[in-house]
């Protein structure tokens, strides 16, 4: 399912290759029956933002959002286990899930990195993808809320994933906009969700890859 590869690319660290693939990513999103109309327009708006300006600004915006606090972390088990030792066991279980499906991580990125999970789902049946997204819906909900609170267009991706999982998207009118750093957002939005473990776009989809 190319749509999950597209989502993986959008949530990955901005690169020249990703930017070059944005027209293809846009075409996948526009044509996918899994993307609802409301979320489709938000995704197109995100693509337009990623296409504009210089690459350095896009990189700084990404780091400011995703690399400075747990509430916006794209490592799923960090939301559930923090830095506790249970996170390691969960990693092993998820990596075993990938291996059982015939995939080995071809990167130093951790297996719970959301772009890696989405790349895995791009190779699986839609029923399995829906089930795995439903298992981590609370995490996606938390990430979406934190992104909406920061008025980030990146919220379009977890919003679309929630709809595919059979959940309702977050109503932005219910979210209080804030301009604090992600560490402050942790106090507002962190939850304790449960995560149970699971045709290609031409661009590398993420820092973390499966092979």
**Message:** Let me spell it out: the conditions are (1) over 17 Å from the mean Cα position of the chain (by Cα); (2) modelled with pLDDT of 95 or more; (3) not in a helix (DSSP H, G or I), and residue 24 meets all of them except one. Which number is the exception?
**Reply:** (3)
**Request:** Scan 199, 193, 204, 158 and give me the residue that is surrounded by 19 or more Cβ atoms within 10 Å (Cβ to Cβ) and either modelled with pLDDT under 50 or at negative phi (or both).
**Result:** 158
**Message:** Taking the condition of being surrounded by fewer than 14 Cβ atoms within 10 Å (Cβ to Cβ) and modelled with pLDDT under 75, how many residues in the stretch 171-183 meet it?
**Reply:** 4
**Item:** Scan of the stretch 98-119 for residues that are surrounded by fewer than 24 Cβ atoms within 10 Å (Cβ to Cβ) and farther than 18 Å from residue 79 by Cβ, ordered by number
**Value:** 98, 99, 100, 101, 102, 103, 104, 105, 106, 107, 108
**Flag for residue 12 being crowded, with 16+ Cβ neighbours inside 10 Å, modelled with pLDDT of 90 or more and in a loop (DSSP other than H, G, I, E, B)** = yes
**Request:** Just give me the residues in the stretch 51-81 being surrounded by 12 or more Cβ atoms within 10 Å (Cβ to Cβ), modelled with pLDDT under 90 and not in a helix (DSSP H, G or I), in sequence order.
**Result:** 67, 68, 69
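The values are calculated or read from the model by the stated rules, or taken from the named source; none is laboratory data. None of these values were measured; they are calculated from a predicted model. Positions of Cβ are backbone-derived with ideal geometry, glycine not excepted, and every protein chain shown enters the neighbour counts.
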